[in-house]
Amino acid sequence: MRKLVRNPGKASLEYINGTRASYLNPIRFFFATFTIYIALSALTGAMADIADRAVILDSENTLSEQALLFVTEVRTTLASQVDLIVFLVIPFFALVVRWQYWRAQRNYAETLCFISYVFGMGYLMAIPVLLVQYGLQEFSTVPKNIFIFGLFLIGARDFFKMSWFRSIIGTIVSTVTYGFLSFASTNAITFVRLWWSSF
């Protein structure tokens, strides 16, 4: 855990190069921490609260009836199926990152290992913050996103062998890419839910 916090890039390289006895499997680590975080988010009401604030609807909304229905369903998707969204996004995100940093010559499995460690550690660090937010009844995904951004930034420099400047630019591009993939996945799931319910 200490090595993952300090530099998930170096930890990933050590795991890939065979030093596996002292490390958790990256995929299992991600699934475990993500599951705990999502379960706590559901129990504390954080998921519903964040979904309500992510998709704002008011009585003066000028959207058409169909558009309003879709936006309402997007909110429902965010509140109830964020786990599915993340599970869809992570493999595609790892693929995009692998090609984004193609000069480092990391294959897909190695990149997925790095991404799993980064997100797994980010969710683990966000769990105590979530509990504090529950006590304050003020929920936000900003701390979790900052943890993941920071871990990716620090780790990418060593994992993909870059300068700090290129690591900062690359992390910003990766963050935008992740946001786009999340947006696309949320809309795709919503379309499928609406299509399925029409039968």
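Every read-out reported here was derived from the displayed coordinates using simple, explicitly stated rules and does not represent laboratory data. None of these values were measured; they are calculated from a predicted model. Note that we place each Cβ from the backbone using ideal geometry, even for glycine, and neighbour counts take in every protein chain shown.
Which ³J(HN,Hα) values in Hz, rounded to whole numbers, follow from the phi angles of the range 37-44 under the Karplus curve 6.51 cos²θ - 1.76 cosθ + 1.60, where θ = phi - 60° and Gly and Pro get x?
5, 5, 4, 5, 5, 6, 5, 7
Cβ under 15 Å from M47's Cβ, M47 left aside: what net charge do those residues give with Lys, Arg +1 and Asp, Glu -1?
Overall, the nearby charge balance is -1.
When the chain is treated as a GNM, springs tying every alpha-carbon pair under 10 Å, which of E14, E138, E65 comes out with the largest mean-square fluctuation?
Looking only at E14, E138, E65, the largest GNM fluctuation is found for E65.
State the three equivalent ellipsoid semi-axes of the range 108-199, derived from the C-alpha gyration tensor as the square roots of 5 times its eigenvalues, in descending order and whole Å.
The answer is 28, 21, 12 Å, longest axis first.
Under a GNM of the chain (C-alpha, springs under 10 Å), which listed residue has the highest mean-square fluctuation: T141, T77, T111?
The residue with the greatest mean-square fluctuation here is T141.
Name the residue, out of F31, F87, F165, whose mean-square fluctuation peaks in a Gaussian network model built on the chain with Cα pairs under 10 Å.
F165
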